[in-house]
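Beneath this line is the structure, given in structure tokens, with notes to follow.
Read-outs: derived from the displayed coordinates by stated rules, not from any lab. Please read all numbers here as calculations on a predicted model, not as lab measurements. Glycine also receives a Cβ, built like all others from the backbone with ideal geometry; neighbour counts cover every protein chain displayed.
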Amino acid sequence: MCGGKFVLRRPVSAAPLTHCPACKKPVRKILSTFNSPRTLSISDAKKAGFTVLKRTGKGEYERQ
């Protein structure tokens, strides 16, 4: 027996894993929360090609 828990990071598009690769017992999928590596600064966002907007009023934005 493998101990009952393991972590396997796979793309959402991958076929579901139905059995443990070590002990062949049935498994269930538990999704983790999204983890952003860091918050982008305005200058980093601009360098990455994003359009940065600043709110000027209710429903009104302008480019920074």
Query raised in the report: Excluding His19 itself, what net charge comes from residues whose Cβ is under 13 Å from its Cβ, given Lys and Arg +1 and Asp and Glu -1?
Result: +4
Report task. Sequence neighbours fewer than 8 away in the same chain don't count; with that in mind, list the lysines whose C-alpha is under 17 Å from Lys46. Result -> Lys54
Query raised in the report: How big is the charge dipole of the chain about its Cα centre, in debye rounded to the nearest 20, if each Lys and Arg gets +1 on its Cβ and each Asp and Glu gets -1 on its Cβ?
Result: 240 debye
Report summary line: A correct Kirkwood calculation over the Cα atoms of the chain returns a hydrodynamic radius in Å of 16.4 Å
Query raised in the report: So who's got an amide H within less than 5 Å of the one on Val52, skipping anything under 5 residues away but keeping other chains? H placed 1.01 Å off N, in plane.
Result: Gln64
Report summary line: Helix-only [θ] at 222 nm, the chain, -39500 (n - 2.57) per DSSP H run of 4+, per residue, nearest 500, equals -2000 deg cm²/dmol
Query raised in the report: Excluding same-chain residues fewer than 8 positions from Lys25, which lysines have a Cα within less than 17 Å of its Cα?
Result: Lys5
